[in-house]
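The values are calculated or read from the model by the stated rules, or taken from the named source; none is laboratory data. Keep in mind it's a predicted model, so treat the numbers as computed, not measured. So basically every Cβ, Gly included, is an ideal-geometry build from the backbone, and we count neighbours across all protein chains shown. With ligands, DNA and RNA removed, areas are computed over all heavy atoms of the protein, side chains included. Shrake-Rupley method; radii C 1.70, N 1.55, O 1.52, S 1.80 Å.
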Amino acid sequence: MRIGSDRHQALYCESFIASHRAYEPDDVRWPDLPAETVERLRALPFWGEALGTERETGAKITAYAATVSDPLLRRAIALQGAEEVRHARLLEGLIRHYGIVTTPRLSCPLPTDLEQAFVDAGYGECMDSFFAFGLFEIAGASGFFPSSLLQAVEPIVDEEARHIVFFANWEAHQQLRRGRGIKVRRFARALRYYVRAVRRRLGVFRDASGSGFTAGGAGHLQLATLTPASFLETCLRENARRLAPLPPELLRPRLMPALARAALRAIRLSPGRRLR
């Protein structure tokens, strides 16, 4: 199958639509948790930001879908927007059920360039999901969160895998259709958007006192056996596992796994240095 062809577009759209999972967030039965686990949930600092991001992403993608002329592509992008909105509703249910206090985030108006917003959201999800897959596995394997709770939010993680594969193929298809098929140019474009995503995350993660969101979160997620190498190995393994059920003919996001493998090689070349 030639990437950028009509057949390619049909495959990544139709497989995305066919793999949609029907469920209602209001029907999710949240498990009863021990008091210490509930306190651990409440202490995590990212619930408000996560909820705001899902709401905004859903609104942007839904608005962008309405501008797409191709019926099949419009249907697939609209479905992704609906799934992002559903993620927000699922998080709302979790926050409400466990009495988590969040700081409301001011809603932003829709951007004027909706395609640009879709691209930014797509690259952001490719970066976030790579690490989220690993953290989700670590949280379960370590017992940091019980399996009953992780099963309740599993649909979000599963759908993010579908989203990033859909986006990777949409992006490649669009660039090839517009005569930007040279791999070096596509790599440079991807790197530029990942840098944009990192900058946005850094801006969000810093609070008024200058301390970082990630530093605050790490204080809650510390595990004695977790090292940079084991974390990256888990992310690579879980990324491959999460994306494996999707059609093998489709592209996968490649830059984040490549950077992780490069970082692992660098760590292994310095066995005497234990990075924390």
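Element breakdown for the chain at a 1.4 angstrom probe: carbon and sulfur atoms account for 57% of the accessible area. Selection among 46, 9, 146 by position relative to the dipole of the chain gives 9 as farthest towards the positive end (Cβ unit charges, Cα centre). Projection of the Cα convex hull of region 113-166, averaged over all directions and equal to a quarter of that hull's surface, yields 3.9 nm².
At a Förster radius of 41 Å, what calculated FRET efficiency corresponds to the Cβ-Cβ distance of residue 177 and residue 43, to the nearest 0.05? The partial results should precede the final answer.
Working: r = 47 Å, r/R0 = 1.16.
Here the calculated transfer efficiency is 0.30.
Averaging over all projection directions, the Cα-based convex hull of the chain occupies 15.9 nm² in the image plane. Working note: Cα atoms of region 1-46, range along each principal axis, descending, whole Å: 54, 25, 13.
From the alpha carbon centroid of region 96-147 to that of region 3-35 is 16 Å. Using θ = phi - 60° in the Karplus curve 6.51 cos²θ - 1.76 cosθ + 1.60, the 3J(HN,Hα) couplings for region 228-238 round to x, 5, 5, 5, 5, 4, 5, 4, 5, 5, 6 Hz; x is entered for Gly and Pro.
Given the -39500 (n - 2.57) contribution per DSSP H run of 4+ residues, what per-residue ellipticity at 222 nm results for the chain, rounded to the nearest 500 deg cm²/dmol?
Details: 10 runs with 189 residues, N = 276.
Computed ellipticity for the chain at 222 nm equals -23500 deg cm²/dmol.
The figure for residue 268 is an accessible area of roughly 140 square angstrom, using a 1.4 Å probe on the protein chains alone.
Taking square-rooted eigenvalues a ≥ b ≥ c of the alpha carbon gyration tensor, is region 57-116 rounded, prolate or oblate, where a/c under 1.5 means rounded and, failing that, a/b exceeding b/c means prolate? Kindly include the intermediate steps, with their values, before the conclusion.
Values: a/c = 5.83, a/b = 1.86, b/c = 3.13.
Judged from the Cα gyration tensor, region 57-116 comes out oblate (a/c at least 1.5, b/c at or above a/b).
Annotation: per residue accessible area for the chain equals 54 Å², rounded to a whole number [probe 1.4 Å, protein chains only].
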